[in-house]
Every structure is written in structure tokens, then in C-alpha cells.
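Participant: Please see the structure below; I have some questions.
The values are calculated or read from the model by the stated rules, or taken from the named source; none is laboratory data. Here the structure is a predicted model, which is why all the values come from computation and not from measurement. Positions of Cβ are backbone-derived with ideal geometry, glycine not excepted, and every protein chain shown enters the neighbour counts.
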């Protein structure tokens with residue numbers, strides 16, 4: 001393994017940030033990506049990394065990225081749920097890495113869902 | 001699946017579902033191009049009855065649907081290259097899955113982005129289990145374990161962006177010289 005010494009610096013730099021976040025947990029936005037066989041085969045892994053990248057780039061401390069299994073609509077994978085602090089859940093379907101910056105900018109940051117990417121828009125077609 | 005590492009991402013999730021505490025993954029590339037992927041866990045294991053049906057697309061432990069395609073698709077791709085898949089399991093002890101691929105075959109999938117895949121596994125399961133990765137080839141050997149990273153971080157979660165970037169960079173740097181030829 002590479003030198004673990006670098007992790008000591010990361011630890012120091014990050015602990016403070018984590019403590020800050022703990023204080024206002026109600027502000028948390030969650031991004032949940034479907035990562036079962038169907039999601040992975042449809043391209044969920046690059047989508048997950050696109051979200052992590054974008055969130056890191058914008059230094060969004062109140063956003064977590066996590067994964068879930070198959071929820072039964074495999075034909076719409078890769079699927080991503082964005083759950084905002086007010087508890088509202090928006091489901092995006094056929095998500096590609098190119099769509100991620102817009103979802104983060106418009107929805108996660110500005111609170112306005114990208115309607116054309118949502119499951120509602122896909123089902124109306 | 002478009003590459004072998006995507007199969008790993010899928011298969012290793014089964015170990016997580018089986019409540020494993022440790023998931024040990026290895027990739028070994030031999031001189032003749034044979035690549036062996038092993039996923040070993042200490043999860044709850046499978047009964048002989050379930051184990052016997054595991055390669056069927058109609059065998060699954062979930063209750064929402066009657067299909068489970070993870071292992072059948074892995075098997076298909078391994079066979080296509082001239083390799084095979086073997087699963088050994090004991091109830092209460094754990095499971096070992098071994099998949100062999102002949103990378104010299106034109107029908108063999110590429111290994112794909114193993115660093116990104118391994119980090120995806122960690123980000124998806126930041127608290128447990130502990131994952132370890134070993135890569136070997138005639139060019140060299142590397143190993144990586146989340147237990148060591150976790151200890152060095154002392155309380156900082158593994159899915160913090162800074163930690164994720166460090167792991168990704170570290171894995172890329174170390175895996176490239178060993179398995180870069182088949183990625």
C-alpha cells in the first residue's frame with residue numbers, strides 16, 4: 001500500500017468539517033444510486049463517480065452519495081434518487097454522467113428538479 | 001456487463017448482502033494470460049441446495065422478483081473467454097467465488113477500471129465490511145485494505161471526498177504497472 005502518512009493530513013483537515021456537518025444534520029441532501037446488477041450493467045458506476053466528482057468540486061458538505069439495490073424498474077436504469085432536506089424525493093432515470101453537473105447545479109444546489117430527466121417525464125413519452 | 005471489474009462490483013455486493021465482515025478480493029494474472037478473480041467472504045454462506053442452483057438465472061434470495069442474473073452473466077462471460085466460474089460455500093462460514101478468464105481470447109472482456117470499481121464498493125459500503133484487494137502479475141504485486149485506511153483515519157469516514165480521491169489515486173498508481181496491460 002502507498003504511504004498511509006498522507007492520510008494523517010487528510011484526517012486533520014477533514015475532522016473539523018465533519019464536526020460542522022454533524023451540527024446541522026437536517027440540511028442533508030441525499031443522492032442514492034441504484035447499484036444492483038441492472039444498474040451496474042446500465043452504467044451506474046460512472047454516474048456515481050460523476051456525482052462524487054461534482055459534489056467534491058463544488059465543496060458541497062451537506063450532500064451524501066450512497067447506493068441501493070434494484071427497485072424493480074430495470075429498464076429505466078441507471079436510476080438516481082435525490083432526496084432534499086425537506087424530504088421530497090425525485091427519481092431521475094436513464095442517468096448519464098453528462099447529466100450529473102446539471103442535476104447537481106439545478107437541483108442539489110438550487111432546489112429545482114430537472115423535470116426533463118425525471119421518471120415522470122420518461123413515463124409520459 | 002462491459003468489463004470484468006463491473007462483474008466484481010456486482011458480485012461483491014452479494015458478500016455485503018450476506019453480512020460479511022471481511023471481503024477479500026484478488027486478481028492474479030499469469031504468464032499465459034490467465035486471469036483469476038477471487039472474492040472471498042466470511043458472510044453467512046449458502047446451503048448445498050442453494051449452492052446447487054446458483055448458476056441458474058431463476059435462483060435468487062430476494063423476494064421481489066424471481067430472477068437473479070449476477071452469477072449467470074459472470075459465468076457466461078468467463079466461459080466465452082475459455083475460463084470458468086466456481087463457487088464454494090458453507091452455511092455459517094462464508095463463500096469463495098473464483099472466476100477465470102483467458103485474457104488472450106478475443107472474446108475476453110477487458111478488466112476495466114478496477115480502481116474506480118473498488119472505490120465504488122467502499123463508497124457504497126463505507127462502514128462495513130472491510131474490503132481488501134490484492135493484484136498480482138509477472139510485473140509485480142500490490143495490496144490494499146480498508147482496515148488499514150480506517151485505522152489511519154481514526155474516525156473520518158471512508159466516503160469523505162478527500163479520502164475517496166486519495167484511495168482512487170493510490171489504487172491507480174499501484175494497479176496500473178501490474179494489470180495495466182489488460183485494463
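Participant: Hey, does segment A:4-14 have a residue that's under 11 Å from the mean Cα position of the chain (by Cα), buried (at least 21 other Cβ atoms within 10 Å of the Cβ) and within 14 Å of another protein chain (Cβ to nearest Cβ)? Let's see the steps before the verdict.
Facilitator: First, the residues of segment A:4-14 that are under 11 Å from the mean Cα position of the chain (by Cα): none.
Scanning segment A:4-14 turns up no residue that is under 11 Å from the mean Cα position of the chain (by Cα), buried (at least 21 other Cβ atoms within 10 Å of the Cβ) and within 14 Å of another protein chain (Cβ to nearest Cβ).
Participant: Something else: Among the helices (runs of 4 or more DSSP H) confined wholly to segment B:1-111, which include 2 or more residues that are more than 30 Å from residue B:150 (Cα to Cα), within 14 Å of chain A (Cβ to nearest Cβ) and in contact (Cβ under 8 Å) with a residue 60 or more places away in the chain? Reasoning before the result, please.
Facilitator: Working: elements: B:4-17, B:48-53, B:70-80.
The qualifying helices (runs of 4 or more DSSP H) are B:70-80.
Matching residues to (1) at pLDDT below 90; (2) away from every other protein chain (no Cβ under 13 Å); (3) under 23 Å from residue B:150 (Cβ atoms); (4) in contact with a helix residue (DSSP H, G or I) (Cβ under 6 Å, 6 or more places away or on another chain):
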| position | (1), (2), (3), (4) |
| --- | --- |
| A:17 | yes, no, yes, no |
| A:26 | yes, yes, no, no |
| A:44 | no, no, no, no |
| A:59 | yes, no, no, no |
| A:67 | no, no, yes, yes |
| A:70 | yes, no, no, yes |
| A:88 | no, yes, no, no |
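Participant: When you look at residue A:79, is it at the interface with another protein chain (Cβ under 9 Å from one of its Cβ atoms), in contact with a strand residue (DSSP E or B) (Cβ under 7 Å, 6 or more places away or on another chain) and either at pLDDT below 85 or under 21 Å from residue B:120 (Cα atoms) (or both), yes or no?
Facilitator: Working: at the interface with another protein chain (Cβ under 9 Å from one of its Cβ atoms): no; in contact with a strand residue (DSSP E or B) (Cβ under 7 Å, 6 or more places away or on another chain): yes; either at pLDDT below 85 or under 21 Å from residue B:120 (Cα atoms) (or both): yes.
It is false that residue A:79 is at the interface with another protein chain (Cβ under 9 Å from one of its Cβ atoms), in contact with a strand residue (DSSP E or B) (Cβ under 7 Å, 6 or more places away or on another chain) and either at pLDDT below 85 or under 21 Å from residue B:120 (Cα atoms) (or both).
Participant: Something else: Checking residue A:32 against (1) within 11 Å of another protein chain (Cβ to nearest Cβ); (2) touching a helix residue (DSSP H, G or I) at 6+ places or on another chain (Cβ under 9 Å); (3) in contact (Cβ under 8 Å) with a residue 40 or more places away in the chain; (4) surrounded by 16 or more Cβ atoms within 10 Å (Cβ to Cβ), which test does it fail?
Facilitator: Every listed condition holds for residue A:32 apart from (2).
Participant: Here's a follow-up. In segment B:123-181, what residues are under 17 Å from the mean Cα position of the chain (by Cα), away from chain A (no Cβ under 11 Å) and part of a loop (DSSP other than H, G, I, E, B)?
Facilitator: Within segment B:123-181, B:128, B:129 meet the criteria.
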